[in-house]
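This report refers to the structure that appears directly beneath it.
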Amino acid sequence: MPERRTVALVTLGCARNEVDSEELAGRLAADGWELVEDAADADVAVVNTCGFVEAAKKDSVDALLEANDLKDHGKTQAVVAVGCMAERYGKELAEALPEADGVLGFDDYADISSRLQTILNGGSVEAHTPRDRRKLLPISPAERQAAPAVALPGHAQDTPAEAPSDLPDGLAPASGPRAPLRRRLDTSPVASVKLASGCDRRCSFCAIPSFRGSFISRRPSDVLGETRWLAEQGVKEIMLVSENNTSYGKDLGDIRLLETLLPELAEVEGIERVRVSYLQPAEMRPGLIDVLTSTPKVVPYFDLSFQHSAPDVLRAMRRFGDTDRFLELLDTIRSKAPQAGVRSNFIVGFPGETEADFAELERFLTNARLDAIGIFGYSDEEGTEAVTYENKLDEDVIAERLAHMQRLAEELTSQRAEERIGETLEVLVEAVGEEAGDEDGATGRAAHQAPETDGQVVFTTSEGLVRGRIVRAKVVGSLGVDLVAEPLDLEEAAG
């Protein structure tokens, strides 16, 4: 009988990383590893790191060190770093953090089981040498699908067309060529689905394309197959994720492919809600807005990456638009779906940002009526164009502007939540009783609220509510960005 091997996956960062972790879990489960939830109960702790900004990198290092501490008083024998930070820094991270027994890049994912086994046996796996992954695919998007395969986390493109019939329970079978192996790591009624990987945009502040690579779409059949499998696992809402969903299909010969795919996903049996994240304002098309605001089960949710609204700052960021153009886009969306949810992130203190630029951003935020706002202070990110810019602002000026805009964002999103009082919403019940932190409580999310980032709905009662069901509820109050709602049709919800 083979020796029992246990592994825990610790995931940091965005929803894309969560998908990657579930692919790694699928590969490991298929090779006989037992997945455990707590790193202290695992022979090997795999930390899926984030390498986006300094704060995220610090969190990743802290998680690796915390896992390493388990070697002294837990079952854990090895700690392995994977994910964006491991991919971005490779050997440099391995040298700086000897507590990690392995630093594996994306190219190691297909053979993750043997890599972990080698490390568990006391051997060593050479940390990979970082490279600019944009150079691994042709410059022309149209040539990428036929190019030699490169590692694309979350795509699992090397999976056989037919999976073995004896896959462990809860493991996704292949559903056609390049369908992914995936193992769910929780029982949430919500799951993310990778729509594409990489990015062709060259924003001057962002290093992601260098370690995630150029943009490449998953085939619609793969996305549909994975969605069907997730529905069989009890998932009610899927969230499509990538670095830039508005570019989906451009390398497949159809930039409007998302408009075709969304209605098909909405028709998958068992799926009640389809959400699209990561949309670029400069790439929004009338047809895509129409599909997002009029397709049953596709929620009118717009995660728009504005970043700023002052024209000069946007140009320095190598982005497009301005306050009035962005407000026109929001007016167009709300003319078609008045209850539409909109969220965005913004950078303050970018090199050269004047007081007038800062005031212009404040004008936009004051008029935009966004449901959720993330505000970040600029910091140099190595390997980006912005590092070379002159006219850098003093750190105390950035901190002052950050604090001011964060206070404003909190006030504005609270006001937006208050505007929704009296609305009737469809809410996905996500936690009831102790799971909601209150024996008599229940929480969920409306269509305008994405998981973890946009607030939640707090129900006035948990009676008759069932986790994973969508119920109608009337908003009767607000708590900051959160809404308080009274469930309607309770008998139907419990039926």
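DSSP beta bridges in the chain, what fraction antiparallel, as a percent rounded to 5? Of all bridge pairs located within the chain, approximately 35 percent are antiparallel.
Residue by residue, the stretch 181-188 carries 3J(HN,Hα) couplings of 7, 8, 10, 5, 9, 8, 10, 4 Hz when phi is fed to the Karplus relation 6.51 cos²θ - 1.76 cosθ + 1.60 (θ = phi - 60°); x denotes Gly or Pro.
Under a 5 Å amide H cut-off, with hydrogens placed 1.01 Å from N, residue 298 pairs with 274 among residues at least 5 apart or on other chains. Pairs with C-alpha atoms separated by more than 29 Å, drawn from the list 194/297; 57/392; 236/336; 194/474; 57/236; 250/474, are 194/474; 57/236; 250/474. Taking Cβ atoms as reference points and 14 Å as the exclusive limit, the residues near residue 483 contribute a net charge of -4, counting Lys and Arg as +1 and Asp and Glu as -1.
Overall, the chain carries a charge dipole of about 1680 debye about its Cα centre when +1 sits on the Cβ of Lys and Arg and -1 on the Cβ of Asp and Glu, all other atoms neutral. Computed with every protein chain present, the accessible area of residue 59 is close to 80 Å² [probe 1.4 Å].
The portion of the accessible surface of the chain made up by carbon and sulfur, rounded to a whole percent, is 48 (1.4 Å probe; DNA, RNA and ligands excluded). Among the listed values (i) 1.02; (ii) 1.18; (iii) 0.98, the one matching Cα Rg over 2.2 N^0.38 Å as calculated from this structure is (iii). In this structure the chain gives 43 Å² per residue of accessible area when probed at 1.4 Å with all protein chains present.
State the Cα centre-to-centre distance between the stretch 56-87 and the stretch 287-338 in whole Å. Using only Cα atoms to place each centre, the spacing works out to 38 Å. Please compute the net charge surrounding residue 320, taking Lys and Arg as +1 and Asp and Glu as -1 over other residues with Cβ under 11 Å from its Cβ. With Lys, Arg at +1 and Asp, Glu at -1, the neighbours total +3. Excluding same-chain neighbours fewer than eight residues apart, the aspartates and glutamates reachable from residue 91 by a Cα-Cα span under 15 Å are 99, 101, 107, 108, 126, 132.
The helix-based estimate of mean residue ellipticity at 222 nm for the chain, built from -39,500 (n - 2.57) per DSSP H run of four or more residues and divided by its residue count, is -9500 deg cm²/dmol to the nearest 500.
The values are calculated or read from the model by the stated rules, or taken from the named source; none is laboratory data. Keep in mind it's a predicted model, so treat the numbers as computed, not measured. Here the Cβ is made from the backbone with ideal geometry for all residues, glycine too, and neighbour counts use every protein chain on show. These accessible areas exclude ligands, DNA and RNA; they are computed on the full protein's heavy atoms, side chains included. Shrake-Rupley method; radii C 1.70, N 1.55, O 1.52, S 1.80 Å.
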